[in-house]
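These notes concern the structure reproduced below.
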Amino acid sequence: MRVLVTGATGFLGGNLLRMLCDDGHCVRYLSRQGRVARAALDYPQAECFEGDLNDALSLERACKDVDWIFHAAAIVSSLEKDRCQMELVNVEGTKSLFKAACKAGVQRFVHISSVDTIGIEGKSAIANEISLHDFATLRNPYPDTKLAAEKFLLQNKSAHIQIVIVNPGFMIGAYDTHGTSSRIVHEVLKNKGLFAPSGGNSFVDVKDVCRGAILAAEKGRSGERYILAGHNLTYRAFFNKVAVLCHRPKPLAVLPAFITLSAASALEKLALIRGKKPIVTKNDAVFSLLPHYYSSQKAEQELGYVIHPIEPAIADAITWFSTAKK
């Protein structure tokens, strides 16, 4: 297939580009200022196409003669000060790309969203695609903008283009060039994982998510969402796994909620005063106290999605952070 990938400079998009090339697809990726994505360095057959999500003409050119689009580009931030830019890219950029895809006659539009657009079901329950989003009151710009993009796509279903949405869990693996979700492995590696927050997440190998996204393009039903999650673990349990694999101390304890929130709020304020990006924000801390546990049963049954053990993904991340040239 002739494929366009956005977000190839990011963690998921870069891994997806590699897998698509390995599968033999004809891959084109969108790049601002025509910069070659690090993920494409070993894949000279991947075509770098200069364009911007907020430049309609460049998107129309990029979508020409394309069969599938994997839209992974997004700004990831939990800072309120970034909301306007995130709305411009995550929401308006998605709208522009979708309109260009429709105009170009693209067959499939796979939108890569997040489980953060799906609600949680309580302390020990596991959520699925029909769980209601209940994070709106938290005022976190990332799930807010990703959900807005989803709603636009689902409200603009067309017989001319098939829309499939995938919602990845907490991805772990190599090539996390921007230090996003796999940063948690890096923190333990640097002996900074001595205390764990009280919540949990659905940890998944980034390669499983990439394969799931490709399966969604091949088999997904138009207008449907598919959770691509993994192993539902407390943060402490996950930290323990990382610590064992990188020979670091296991967490000493789970931090009480008030300490987690107070520390994150202080670190956020200090970083913003210094004009730097916070290591952790208060919004991050709020999310870390919640049980983000999800079922991928729908994707397993309809797409053939497979969840592999998380330990190899942790090992991939450890190797990447230990040896990669930054």
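The values are calculated or read from the model by the stated rules, or taken from the named source; none is laboratory data. The shown structure was predicted, so the numbers you read here are calculated from the model rather than taken from an experiment. Cβ: placed from backbone, ideal geometry, glycine included. Neighbour counts: every protein chain shown.
Please find, within segment 136-177, the residue that is nearest to SER288 (Cα to Cα) out of those that are without any contact (Cβ under 8 Å) to a residue 40 or more places away in the chain and in contact with a Ser or Thr (Cβ under 8 Å, 6 or more places away or on another chain).
Restricting to residues being without any contact (Cβ under 8 Å) to a residue 40 or more places away in the chain and in contact with a Ser or Thr (Cβ under 8 Å, 6 or more places away or on another chain), the top hit is PRO143.
Taking only pairs six or more apart or across chains, which ones have beta-carbon atoms under 9 Å, a first residue in segment 235-250 that is free of Cβ contacts under 8 Å to residues at least 40 places away in the same chain, and a second residue that is among the charged types (D, E, K, R) and part of a loop (DSSP other than H, G, I, E, B)?
These pairs meet every condition: ASN240/LYS250; VAL244/LYS250.
For ILE112, are the conditions met, namely being closer than 20 Å to ALA213 by Cα, surrounded by 24 or more Cβ atoms within 10 Å (Cβ to Cβ) and modelled with pLDDT under 95?
No, not satisfied.
Can PHE238 be described as of a type in the set (A, V, I, L, M, F, W, C), at pLDDT below 95, part of a helix (DSSP H, G or I) and buried (at least 17 other Cβ atoms within 10 Å of the Cβ)?
Spelling it out, it is not the case that PHE238 is of a type in the set (A, V, I, L, M, F, W, C), at pLDDT below 95, part of a helix (DSSP H, G or I) and buried (at least 17 other Cβ atoms within 10 Å of the Cβ).
Hey, does segment 200-215 have a residue that's out of contact with any helix residue (DSSP H, G or I) (no Cβ under 9 Å at 6 or more places or on another chain) and more than 12 Å from ILE310 (Cβ to Cβ)?
Looking for residues that are out of contact with any helix residue (DSSP H, G or I) (no Cβ under 9 Å at 6 or more places or on another chain) and more than 12 Å from ILE310 (Cβ to Cβ), one finds none in segment 200-215, hence no.
When the residues of segment 12-40 are narrowed to those that are at pLDDT below 95 and outside any loop (DSSP other than H, G, I, E, B), which ends up surrounded by the fewest Cβ atoms within 10 Å (Cβ to Cβ)?
Within segment 12-40, the match that is surrounded by the fewest Cβ atoms within 10 Å (Cβ to Cβ) is GLN33.
Does segment 126-140 contain any residue that is aromatic (Phe, Trp, Tyr) and at pLDDT 95 or above?
Checked segment 126-140: no residue is aromatic (Phe, Trp, Tyr) and at pLDDT 95 or above.
Would you mind finding the one in ARG83, ARG2 that is of a type in the set (D, E, K, R) and in contact with a His (Cβ under 9 Å, 6 or more places away or on another chain)?
Result: ARG2 is the single residue among ARG83, ARG2 that is of a type in the set (D, E, K, R) and in contact with a His (Cβ under 9 Å, 6 or more places away or on another chain).
Would you please list the contacts, defined by Cβ atoms under 9 Å and residues six or more apart or on different chains, that run from a residue in segment 37-66 that is under 17 Å from PHE11 (Cβ atoms) to a residue that is part of a helix (DSSP H, G or I) and among the acidic types (Asp, Glu)?
Listed pairs, sorted by first residue: TYR43/ASP22.
What pairs come up if the first residue lies in segment 1-18 and is more than 12 Å from ALA37 (Cα to Cα), the second is at pLDDT below 95 and part of a strand (DSSP E or B), and their beta carbons are under 9 Å apart, counting only those six or more places apart or on different chains?
These pairs meet every condition: LEU4/PHE49.
For segment 176-211, how many residues meet the condition of being over 25 Å from THR9 (Cα atoms) and part of a helix (DSSP H, G or I)?
The number of residues fulfilling the criteria is 0.
Just give me the residues in segment 1-11 being part of a strand (DSSP E or B) and within 19 Å of VAL209 (Cβ to Cβ), in sequence order.
If the condition is that a residue be part of a strand (DSSP E or B) and within 19 Å of VAL209 (Cβ to Cβ), then VAL3, LEU4, VAL5, THR6 are the ones that fit.
Based on this model, can you work out whether LEU252 counts as of a type in the set (A, V, I, L, M, F, W, C), in contact with a strand residue (DSSP E or B) (Cβ under 9 Å, 6 or more places away or on another chain), surrounded by fewer than 21 Cβ atoms within 10 Å (Cβ to Cβ) and closer than 20 Å to GLY230 by Cβ?
no
Are any of the residues in segment 182-195 polar (S, T, N, Q), buried (at least 18 other Cβ atoms within 10 Å of the Cβ) and under 22 Å from PHE135 (Cα atoms)?
Taking every residue of segment 182-195 in turn, none turns out to be polar (S, T, N, Q), buried (at least 18 other Cβ atoms within 10 Å of the Cβ) and under 22 Å from PHE135 (Cα atoms).
Report whether or not ILE227 is in contact (Cβ under 8 Å) with a residue 12 or more places away in the chain, under 29 Å from ILE161 (Cα atoms), of a type in the set (Val, Ile, Thr) and buried (at least 23 other Cβ atoms within 10 Å of the Cβ).
Answer is yes for this residue.
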